[in-house]
Amino acid sequence: MSISATFGKAKAEGRSVLVGCMPAGFPTVDDSIASMVAMAEAGCDVIEVELPYSDPVMDGPVIQKASDIALANGVRTRDTLRIIEAVAGAGATVVLMTYWNPIERYGVDAFARDLAAAGATGMITPDLIPDEAGEWIAAADRYGIDRTFLVSPSSTDDRLAMTVANCRGFVYATALMGVTGARTSVSSQAPELVARVRAVDPEMPVGVGLGVGTGAQAAEVAAFADGVIVGSALIRCVLEAPDLATGHQRLRALSAELAEGVRSGAPS
Amino acid sequence: MTAEALPDLAGHFGRYGGRFVPEALVRALDELDAAYREAKNDPVFQDRFHGLLRDYAGTPSLLYRAERLSEALGAEILLKREDLNHTGAHKVRNVLGQALLAKRMGKPRVIAETGAGQHGVASATAAALLDLECVVYMGETDTERQALNVARMRMLGATVVPVTNGSRTLKDALNEALRDWVASVDTTHYLLGTAAGPHPFPEIVRDFVGGIGTEAREQCLTQLGRLPDAIAACVGGGSNAIGIFHAFVPDQQVRLYGFEAGGDGVETGRHAASITGGSAGVLHGARTYVLQDEDGQTVESHSISAGLDYPGVGPEHAWLHDTGRAAYEPVTDDEAMAAFQLLCRTEGIIPAIESAHALAGAARIAPRLAAELGRTPTIVVNLSGRGDKDVHTAGAYFGILDQVETIVPGENS
């Protein structure tokens, strides 16, 4: 299902979309496929596959550690494409989250082509702003990949409007100033940021990331956002489990809890 | 477009530079850019900056004609004595400029990354002088190797945070400083240590250290009555090199040479030569030359010189390389250490191992230039820092630390 269709379906059901993030190849290629399929089965509407990168400046310690493990175990860019193909093949809606250098290295046009062929519907670029994205925007359009840029509480009105205008599928709102990682409370800056995006483009779905770790927090975010993006808390299920089977149990349980959360938040 | 006019308004040097950063940092970078442009044209700011450079840092640094070294190398060698600056390197120019800028922007806190600790010490120094809170990120591996510099920073009132992610070295310290900045940007200025990173840092740092080149150019005209044939500088991130190059870029007859850290040799893969041994990519906020694998993952760098041990380089160097205005060559650890020893023995100056790369490069190009020009060439070498910090490394390299320990009374006569 496309990103727009996924958001449209959730909206029709009066709820928010649950986006679950997992690094490709963590801890191995096959294990990460199993984790992502489990997340999708247990209620994640969108699987956000993160391409592991050596210098992830936007990520907190949990995603860094998982990415380091994946890289140490030898995951390659082509493995990430293979993982996307497997997870999309299992019926999930898949988007890729990636820092820019691996894409530039692969070749921007070739990557967009191969990403589309693998079945991903969109790509999130945490360190690529539209100002530098001319080549990516052209390639994404050519192969029908939705491009998601980030907006931040510090974005000026002009930048926010420009960024939203360059997004397709959905906008990623970073709910607070800081890197990824579960937090005990959801930022008060988030509702305001979502409202600012809506003021610019009422039709563009807004996903809120950074900080959500429980069903209650998911419900809280679902009350004002179209999508709830969860990364670190899900990854920790696997990272801190004594074995993979336990990790997947925890992953399913948390995914289900979060899925319940996005359904109990008052839709905006 | 002429070199002097670069970067463009978005921070591009040709295809290099720019901003590859999270959106969360863009406003801070825009504010920094605006504040810098105001400060650049504000005589009060410029007076304060140049006053501190003169009265506190001890610049202009001397341009010294090294007679015995010149004889040994068959060239007229002039040393730009940045090693005599307060804190012992060119870096004091950058930190004073940026700390004044932080003050001007009303930011009470500065953060910095450091490898061996030189930029950390310089940042802590400027922060102490200007009453700013200072937090320095340093790879855990480096905090262990450079315990004395950690102590120096703490004496100066800075907080040193050991970074335990990734390879636990400079690039990880830089990542961690960027993460801090994403979360603290309202109150914090990121005092970046080299002419790299997202726009406007490469331009700001270049301008703050640019006095090296304008001074050297004037000194050449006064002391020699002419410009030199060549400039030699070491290149890690590239701040001392861009600092001395910039004023000479329009002088086409002055050859510009940047010497990268060749480590064990570029062919071994164990080096830090981003331009001569790397490829174009994006790292730490800019498009430039980087050490990377087939998938664009950053490859760890290696150099005997901690200050050059970085897998990227400032974007203006990438551009100067591609346009051919400057030439870049790798210098191995062994070549650098031979030059280190030569300077110690001929001039009584212990250079930073970083600067020894520039000396080794000058030794290499001297006969080449002599042949080409048909006369003795004049080469200005940027002696970017002093070697006190490197005594342990150099002592171990030359195997002379053991000698001190094993001297037995009665046996050393």
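The values are calculated or read from the model by the stated rules, or taken from the named source; none is laboratory data. Here the structure is a predicted model, which is why all the values come from computation and not from measurement. Quick reminder, even Gly has a Cβ in these numbers, built from the backbone with ideal geometry, and neighbours come from all protein chains shown. Just so you know, the surface numbers come from the protein's heavy atoms only, side chains and all, with ligands and any DNA or RNA stripped out. Shrake-Rupley method; radii C 1.70, N 1.55, O 1.52, S 1.80 Å.
How many residues are in contact with a strand residue (DSSP E or B) (Cβ under 9 Å, 6 or more places away or on another chain) and either at pLDDT below 95 or within 11 Å of another protein chain (Cβ to nearest Cβ) (or both) if we restrict to the range A:156-171? Write out each step before concluding.
Step one: filter the range A:156-171 for residues in contact with a strand residue (DSSP E or B) (Cβ under 9 Å, 6 or more places away or on another chain), giving A:159-160, A:163-164, A:166-171.
Imposing the further condition that a residue be either at pLDDT below 95 or within 11 Å of another protein chain (Cβ to nearest Cβ) (or both) reduces the set to A:159-160, A:163, A:171.
Of the residues in that region, 4 qualify.
Taking the criterion of being within 14 Å of another protein chain (Cβ to nearest Cβ), in contact with a Leu (Cβ under 7 Å, 6 or more places away or on another chain) and β-branched (Val, Ile, Thr), would at least one residue in the range A:125-134 satisfy it? Spell out the reasoning first.
The first filter runs over the range A:125-134 and keeps only residues within 14 Å of another protein chain (Cβ to nearest Cβ), leaving A:125-134.
Now drop any that are not in contact with a Leu (Cβ under 7 Å, 6 or more places away or on another chain), which leaves A:126.
Cutting the leftovers down to β-branched (Val, Ile, Thr) gives us none.
The answer is no; no qualifying residue exists.
For the range B:278-295, check the following and say yes or no: at least one residue is in contact with a helix residue (DSSP H, G or I) (Cβ under 7 Å, 6 or more places away or on another chain), part of a loop (DSSP other than H, G, I, E, B) and under 15 Å from B:CYS234 (Cα atoms).
No: zero hits.
Of all residues in the range B:21-45, which are within 14 Å of chain A (Cβ to nearest Cβ) and open to solvent by less than 10 Å² (accessible area, probe 1.4 Å)? Even if it seems obvious, please write down each step before you answer.
Quick first cut of the range B:21-45, residues within 14 Å of chain A (Cβ to nearest Cβ) only: B:21-34.
Matches in the range B:21-45: B:VAL21, B:PRO22, B:GLU23, B:ALA24, B:LEU25, B:VAL26, B:ALA28, B:LEU29, B:LEU32.
Filter the range B:139-168 down to the residues that are of a type in the set (Ser, Thr, Tyr) and away from every other protein chain (no Cβ under 12 Å), then identify the one that is surrounded by the most Cβ atoms within 10 Å (Cβ to Cβ). Show your work before the answer.
Taking the range B:139-168 as the starting set, the residues that turn out to be of a type in the set (Ser, Thr, Tyr) are B:141, B:143, B:159, B:164, B:167.
If we keep only those that are away from every other protein chain (no Cβ under 12 Å) too, we end up with B:141, B:143, B:159.
Working: B:THR141: 17, B:THR143: 22, B:THR159: 13.
Per the criteria, the residue is B:THR143.
Determine whether the range A:63-72 contains at least one residue that is free of Cβ contacts under 8 Å to residues at least 24 places away in the same chain and buried (at least 24 other Cβ atoms within 10 Å of the Cβ). Spell out how you get there, then give the answer.
Narrowing the range A:63-72 to residues free of Cβ contacts under 8 Å to residues at least 24 places away in the same chain: A:64, A:68, A:72.
Next, from what is left, pick out any that are buried (at least 24 other Cβ atoms within 10 Å of the Cβ): A:64.
Within the range A:63-72 (the criterion being free of Cβ contacts under 8 Å to residues at least 24 places away in the same chain and buried (at least 24 other Cβ atoms within 10 Å of the Cβ)), the answer is yes, since at least one residue qualifies.
So for the range B:304-314 (the condition being of a type in the set (Phe, Trp, Tyr), out of contact with any Phe, Trp or Tyr (no Cβ under 7 Å at 6 or more places or on another chain) and either over 25 Å from B:ALA177 (Cβ atoms) or touching a residue at least 40 places away in the same chain (Cβ under 8 Å) (or both)), does at least one residue qualify? Even if it seems obvious, please write down each step before you answer.
The first filter runs over the range B:304-314 and keeps only residues of a type in the set (Phe, Trp, Tyr), leaving B:310.
Checking which are out of contact with any Phe, Trp or Tyr (no Cβ under 7 Å at 6 or more places or on another chain) leaves us with B:310.
Applying the additional criterion that residues be either over 25 Å from B:ALA177 (Cβ atoms) or touching a residue at least 40 places away in the same chain (Cβ under 8 Å) (or both) yields B:310.
So far as the range B:304-314 goes, yes, one or more of its residues are of a type in the set (Phe, Trp, Tyr), out of contact with any Phe, Trp or Tyr (no Cβ under 7 Å at 6 or more places or on another chain) and either over 25 Å from B:ALA177 (Cβ atoms) or touching a residue at least 40 places away in the same chain (Cβ under 8 Å) (or both).
Is the range B:71-82 home to any residue that is more than 14 Å from chain A (Cβ to nearest Cβ), out of contact with any Asp or Glu (no Cβ under 8 Å at 6 or more places or on another chain) and within 27 Å of B:ALA39 (Cα to Cα)?
Within the range B:71-82, one or more residues are more than 14 Å from chain A (Cβ to nearest Cβ), out of contact with any Asp or Glu (no Cβ under 8 Å at 6 or more places or on another chain) and within 27 Å of B:ALA39 (Cα to Cα).
Of the conditions (1) buried (at least 17 other Cβ atoms within 10 Å of the Cβ); (2) modelled with pLDDT of 95 or more, B:GLU71 satisfies every one except a single condition; which number is it?
Checking B:GLU71 against (1) buried (at least 17 other Cβ atoms within 10 Å of the Cβ); (2) modelled with pLDDT of 95 or more, the one that fails is (1).
Checking B:CYS220 against (1) outside the structural domain of B:PRO311 (by TED's automatic domain parsing); (2) at negative phi, which single condition isn't satisfied?
Failing condition for B:CYS220: (1).
For the condition within 14 Å of another protein chain (Cβ to nearest Cβ) and open to solvent by 50 Å² or more (accessible area, probe 1.4 Å), what is the one hit in B:ARG54, B:ARG48, B:ARG15?
Values: B:ARG54 fails: within 14 Å of another protein chain (Cβ to nearest Cβ); B:ARG48 fails: within 14 Å of another protein chain (Cβ to nearest Cβ).
Residue meeting the stated conditions: B:ARG15.
Residues A:VAL200, A:VAL262, A:VAL206, A:VAL228: which one is modelled with pLDDT of 95 or more, open to solvent by 60 Å² or more (accessible area, probe 1.4 Å) and under 25 Å from A:PRO126 (Cα atoms)? Don't jump to the end; show me each part of the working.
On the way: A:VAL262 fails: open to solvent by 60 Å² or more (accessible area, probe 1.4 Å); A:VAL206 fails: open to solvent by 60 Å² or more (accessible area, probe 1.4 Å); A:VAL228 fails: open to solvent by 60 Å² or more (accessible area, probe 1.4 Å).
Step by step, each of A:VAL200, A:VAL262, A:VAL206, A:VAL228 is checked, and only A:VAL200 is modelled with pLDDT of 95 or more, open to solvent by 60 Å² or more (accessible area, probe 1.4 Å) and under 25 Å from A:PRO126 (Cα atoms).
Return yes or no: is A:SER32 buried (at least 24 other Cβ atoms within 10 Å of the Cβ) and free of Cβ contacts under 8 Å to residues at least 60 places away in the same chain?
On the way: buried (at least 24 other Cβ atoms within 10 Å of the Cβ): yes; free of Cβ contacts under 8 Å to residues at least 60 places away in the same chain: yes.
The answer is yes for A:SER32.
Go through B:GLU347, B:GLU329, B:GLU316, B:GLU260 for me and flag whichever is crowded, with 24+ Cβ neighbours inside 10 Å, more than 14 Å from every other protein chain (Cβ to nearest Cβ) and more than 26 Å from B:ASP142 (Cα to Cα).
Working: B:GLU347 fails: crowded, with 24+ Cβ neighbours inside 10 Å; B:GLU329 fails: crowded, with 24+ Cβ neighbours inside 10 Å; B:GLU260 fails: more than 26 Å from B:ASP142 (Cα to Cα).
Within the list B:GLU347, B:GLU329, B:GLU316, B:GLU260, the selection yields B:GLU316.
I'd like to verify a number: residues in the range A:95-117 that are open to solvent by less than 10 Å² (accessible area, probe 1.4 Å) and either over 16 Å from A:ASP59 (Cα atoms) or within 12 Å of chain B (Cβ to nearest Cβ) (or both), how many?
11
Could you tell me which residue of the range B:242-255 is nearest to the other protein chains (Cβ to nearest Cβ), considering only residues that are over 16 Å from the mean Cα position of the chain (by Cα) and open to solvent by less than 30 Å² (accessible area, probe 1.4 Å)? Outline the logic, then answer.
Step one: filter the range B:242-255 for residues over 16 Å from the mean Cα position of the chain (by Cα), giving B:247-255.
Narrowing the set further to residues that are open to solvent by less than 30 Å² (accessible area, probe 1.4 Å) leaves B:247-249, B:251, B:254.
Values: B:ALA247: 30, B:PHE248: 30, B:VAL249: 26, B:ASP251: 33, B:VAL254: 33 Å.
Ranking the candidates gives B:VAL249 first.
Just give me the residues in the range B:169-185 being of a type in the set (D, E, K, R) and surrounded by 21 or more Cβ atoms within 10 Å (Cβ to Cβ), in sequence order.
Of the range B:169-185, the ones of a type in the set (D, E, K, R) are B:171-172, B:176, B:179-180.
Selection gives B:LYS171, B:ASP172, B:GLU176, B:ARG179.
Of these, B:ASP293, B:ASP322, which one is surrounded by fewer than 24 Cβ atoms within 10 Å (Cβ to Cβ), within 14 Å of chain A (Cβ to nearest Cβ) and acidic (Asp, Glu)?
Within the list B:ASP293, B:ASP322, the selection yields B:ASP293.
Identify, from the list A:THR174, A:THR121, A:THR148, the residue that is within 11 Å of another protein chain (Cβ to nearest Cβ) and either farther than 18 Å from A:GLY231 by Cα or buried (at least 23 other Cβ atoms within 10 Å of the Cβ) (or both).
Values: A:THR121 fails: within 11 Å of another protein chain (Cβ to nearest Cβ); A:THR148 fails: within 11 Å of another protein chain (Cβ to nearest Cβ).
Being within 11 Å of another protein chain (Cβ to nearest Cβ) and either farther than 18 Å from A:GLY231 by Cα or buried (at least 23 other Cβ atoms within 10 Å of the Cβ) (or both) holds for just one of A:THR174, A:THR121, A:THR148, which is A:THR174.
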